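The values are calculated or read from the model by the stated rules, or taken from the named source; none is laboratory data. Remember, it's a predicted structure, so these values are computed and weren't measured experimentally. Positions of Cβ are generated from backbone atoms using ideal geometry, with glycine treated the same way; all protein chains shown enter the neighbour counts.
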Amino acid sequence: MTFTYIIHENKNNDQNQTQRKPLLVIQCPGWGIGARYLREGLSPLLEEHYTLLYFIPRGTAGSSRPPGGESDMGTWAMADDLELLRRHLKIAKFPALLGHSNGGAIALAYAEKFPDSVDRLVLLCHRLVGLTPDTSLMQRSKDDARYRAAFVKKQAKSKSQAKTTAETESDEQATQYWKDILPLYFFDPDSGVPQLLRAMGKDLVSAWCQHAQGTCDAEQLYRPTRPMVQKLKDVRAKTLIIAGKYDMICAVDNGQQTQRGIPHGAELKVYDRCGHFPWIERPEKTEEDIVGFLSS
């Protein structure tokens, strides 16, 4: 397979060009959203401090689809792609690995499967795949005028999900649905949604990736053994978890369960007045905590 990665490095004129900034690998989600939303949001906060490598998973935006097709599109398999990247870079371990949402799930899976190959792990509003989701915030959203239309759209989609496949839904339709439910991703959707849409630009969500990864994870990681939850005990990386108190997409319990499951302990920070995108709703705090953690 062929993989795409993008490097962001902010070089100033006074910097000795032989002295590279520390490497921070950022794992993009596997459901087809690509890297642009992360690059537009995180690079302004972090490129002064690190060389940023955005790793685009199989099937998305220039990275090839796996030979096995949809059956090889799970979060667990995407963690193996990170190991291929580490070998390609010829480094003993990732000094720092960051993931947001499903990208956080992939990064966490890597830290579970290859515990000696990552030093520091940063999980931003991540999904602990296999955990029964806390939907209490989502349910309350139907009574809030800011979220009501998005909630209705999401409920309608959930009811029709069994009839929808990558063959019956176009990338344009998948993207439009995601845009329709974006208010659910923010504490303050009036401010947050326009910022995220600007960051996304004209990029489309891949309907194929979305359906393929969802199907694989449902079969592999939500089974009774819940392998990602059970393997938290294998994580050795020093870990920072950032969660939004008002995150309806990956609720705080994802971070709490992850923190409890890592044997040596992990640092959990829960941001008030924040949903699923901390660098949009709490940018200064996000930069401060990530840089402080990776520098400690």
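The set of residues in the stretch 187-224 that are under 30 Å from W76 (Cβ atoms) and assigned to a loop (DSSP other than H, G, I, E, B) comprises D203, L204, V205, S206, L221, Y222, R223, P224. What pairs come up if the first residue lies in the stretch 20-46 and is farther than 28 Å from Q210 by Cα and modelled with pLDDT of 95 or more, the second is among the hydrophobic types (A, V, I, L, M, F, W, C) and part of a loop (DSSP other than H, G, I, E, B), and their beta carbons are under 8 Å apart, counting only those six or more places apart or on different chains? Within 8 Å, the pairs are P22/A96; L23/I91; L23/A96. Using the structure shown, decide if L182 is in contact with a strand residue (DSSP E or B) (Cβ under 9 Å, 6 or more places away or on another chain) and either over 27 Å from T225 (Cβ atoms) or touching a residue at least 24 places away in the same chain (Cβ under 8 Å) (or both). Considered against the rule, which asks whether it is in contact with a strand residue (DSSP E or B) (Cβ under 9 Å, 6 or more places away or on another chain) and either over 27 Å from T225 (Cβ atoms) or touching a residue at least 24 places away in the same chain (Cβ under 8 Å) (or both), L182 comes out as no. Has the stretch 60-76 got at least one residue that is at pLDDT 95 or above and within 13 Å of the chain's Cα centre (by Cα)? Scanning the stretch 60-76 turns up at least one residue that is at pLDDT 95 or above and within 13 Å of the chain's Cα centre (by Cα). Total residues in the stretch 261-296 satisfying the condition of being under 18 Å from the mean Cα position of the chain (by Cα) and assigned to a helix (DSSP H, G or I): the figure is 9. Filtered by the rule that a residue be farther than 21 Å from V129 by Cα, touching a residue at least 40 places away in the same chain (Cβ under 8 Å) and of a type outside the set (D, E), the stretch 192-214 gives G192, Q195, L196, R198, A199, M200, G201. Scanning the stretch 267-290 for residues that are farther than 18 Å from R39 by Cα, touching a strand residue (DSSP E or B) at 6+ places or on another chain (Cβ under 8 Å) and either hydroxyl-bearing (S, T, Y) or touching a residue at least 40 places away in the same chain (Cβ under 8 Å) (or both) turns up Y271, C274, G275, D289.
Restricting to the stretch 85-98, count the residues that are more than 17 Å from I7 (Cβ to Cβ) and either of a type in the set (A, V, I, L, M, F, W, C) or in contact (Cβ under 8 Å) with a residue 40 or more places away in the chain (or both).
1
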